[in-house]
Amino acid sequence: MEDPRTSSLKFFSDQQLCYADILTPIEVRARIEVAVLNFLRILTSPDPAISDLPLIKRKSSNSRISRGLLTDLSWVFLSHSSSTRSLMKTNAAKAFVRVWKVMEECFQNLVQEKRVTQRELFYRLLCTSPEYFSSQLQVNRTIQGLFPVFSPCLFIFFIDRIQSHGVFIWTTDVVSLLRCSRYSLGIMASSRGLLAGRLLLQEPNQDALDCTECGSSGYAISGDLNLLDKLLMKTDARYIIVVEKHAIFQRLAEDRIFNQIPSILITAKGYPDIATRFLLHRMSRSFPELPILGLVDWNPAGLAILCTFKFGSIGMGLEAYRYACNVKWLGVRGDDLQLIPEESLVPLKPRDLQIAKSLMSSEIMPESHKDELALMVESGKRAEIEALFFHGYDYLGKYIAKKIVQASYI
């Protein structure tokens, strides 16, 4: 038997899991119970030795790229390299305790067959453990690794390279420790996503919904991944168009572009949430013949959003393969700048340059995308999709149609 004095909390290290399982509530509860029992075994030994929590590193140095053999789909995943978080280190002690507090709440919710959002979980922990949880960010990090401290557009798939005062953001997280998905823990995604266009959706025991009749508001994507997984879907579309911005989505839906171009429109209103990514991935599997085309701003943040849809994220590296899709870059791109007045081009900000630097250093980024980034940096300019309205409010549909006909996407 292993000596408890030298034993670390290697709850599942024998499995060498580098992905997050989708588990039943009973299975998750069992993993939490094993974790607790192992920890108590160490504490109650004659000579207790509290050691480290072994966790999968959520850093670009530990990221790898998986490429399909029969397709050009690629995604980010994490290798076996691990990091540790010790209870004996002062600056990490609270992070260590937060893991157990979150697991305790998740365990209770699973027993009661309840699902909660991260926001609901934060307020619960704020009331029960205020000495450990004072911000939403602490809960987010404890559940699943890296989250940014700047603005939403910095939720990029190489965010671990972005530094805060010269220090990488590191966290202990429950998903990494238990190797189960966030949804398996009973935590729902808060979805911002919308759908419109040539898609029939049918929830279990409900009437079918025609997404062409949802108007400019679109169909609100549920944060319940279990429900999304059970949706019945039918389409006669020929394309799926991923739109970065809510306002552009509304314009295209109001113009009913899906009647001119048989298509499905989907947006996450900025950086893609898990539910929107999950549903897009489901559509890509259900309708593999449909090209997925991305319409984003011509700036580093827009490209980062596109790449998150396309490859997944390092922060979600343990389950990125469940969300990655082969999204092609329709626009806006450098060869579209001739359509945009010089007055509409906006100077790049320091934040843009920081994101560009992170993206340029990635191994997974295609050379064609790096060329676009280099052009952005060289010109010192950025262009928003709305700049195309210089040609009229109905021009965007014509722009998309022409690029599709010419197969002008990368």
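Does Leu345 satisfy the criteria of being open to solvent by 40 Å² or more (accessible area, probe 1.4 Å) and more than 30 Å from Ser176 (Cβ to Cβ)?
Values: open to solvent by 40 Å² or more (accessible area, probe 1.4 Å): no; more than 30 Å from Ser176 (Cβ to Cβ): yes.
No; evaluated as a whole, the condition is false for this residue.
Just one of the numbered conditions (1) surrounded by fewer than 23 Cβ atoms within 10 Å (Cβ to Cβ); (2) polar (S, T, N, Q); (3) modelled with pLDDT under 90; (4) closer than 20 Å to Ala95 by Cα is not true of Ser151: (4). Among the residues in the stretch 215-237, are any basic (Lys, Arg), in a strand (DSSP E or B) and more than 26 Å from Thr308 (Cβ to Cβ)? The answer is yes; a qualifying residue exists.
Taking the stretch 377-410 as the range and being closer than 30 Å to Leu353 by Cα and small (Gly, Ala, Ser) as the test, the residues that pass are Ser379, Gly380, Ala383, Ala387, Ala407, Ser408.
So is Ile410 touching a Pro at 6+ places or on another chain (Cβ under 6 Å) and touching a residue at least 60 places away in the same chain (Cβ under 8 Å) or not?
Working: touching a Pro at 6+ places or on another chain (Cβ under 6 Å): no; touching a residue at least 60 places away in the same chain (Cβ under 8 Å): yes.
Taking the combined requirement at face value, the residue does not satisfy it.
Rundown of residues vs (1) open to solvent by 60 Å² or more (accessible area, probe 1.4 Å); (2) assigned to a helix (DSSP H, G or I), yes/no style:
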site: Ile305; (1), (2): no, yes
site: Leu337; (1), (2): no, yes
site: Met365; (1), (2): no, no
site: Glu378; (1), (2): yes, yes
site: Ala387; (1), (2): no, yes
site: Tyr393; (1), (2): yes, no
site: Gly397; (1), (2): no, yes
site: Ile400; (1), (2): no, yes
site: Lys403; (1), (2): no, yes
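Looking only at residues of the stretch 287-340 that are under 12 Å from the mean Cα position of the chain (by Cα) and farther than 23 Å from Ile22 by Cα, we find that the one that is modelled with the lowest pLDDT is Cys307.
Could we say that Glu244 is touching an Asp or Glu at 6+ places or on another chain (Cβ under 7 Å) and at pLDDT 95 or above here? Before the answer, list the steps.
Numbers: touching an Asp or Glu at 6+ places or on another chain (Cβ under 7 Å): yes; at pLDDT 95 or above: yes.
In short, yes.
Residues in the stretch 236-287 that are open to solvent by less than 20 Å² (accessible area, probe 1.4 Å) and of a type in the set (Ser, Thr, Tyr): Ser263, Thr267, Thr276.
Collect the residues in the stretch 254-296 that are assigned to a helix (DSSP H, G or I), among the aliphatic types (A, V, I, L, M) and within 22 Å of Leu231 (Cα to Cα), keeping them in residue-number order. Working first, answer last.
The initial filter retains those residues of the stretch 254-296 that are assigned to a helix (DSSP H, G or I), namely 254, 257-260, 274-286.
From what is left, the residues that are among the aliphatic types (A, V, I, L, M) are 257, 274-275, 279-280, 283.
Those that are assigned to a helix (DSSP H, G or I), among the aliphatic types (A, V, I, L, M) and within 22 Å of Leu231 (Cα to Cα): Ile274, Ala275, Leu279, Leu280, Met283.
In this structure, does Arg382 turn out to be touching a helix residue (DSSP H, G or I) at 6+ places or on another chain (Cβ under 7 Å), basic (Lys, Arg) and under 20 Å from Tyr239 (Cβ atoms)? No, not satisfied. Restricting the first member to the stretch 385-397 and to residues that are on the phi > 0 side of the Ramachandran plot, and the second to residues that are surrounded by fewer than 18 Cβ atoms within 10 Å (Cβ to Cβ) and aliphatic (A, V, I, L, M), no beta-carbon pair is closer than 9 Å while six or more apart or on different chains.
The values are calculated or read from the model by the stated rules, or taken from the named source; none is laboratory data. Just so it is clear, the model here is predicted, and its values are computed rather than measured. Neighbour counts run over all protein chains shown; Cβ positions are idealised from the backbone, glycine included. Protein only, heavy atoms only, side chains kept; ligands, DNA and RNA dropped before computing areas. Shrake-Rupley method; radii C 1.70, N 1.55, O 1.52, S 1.80 Å.
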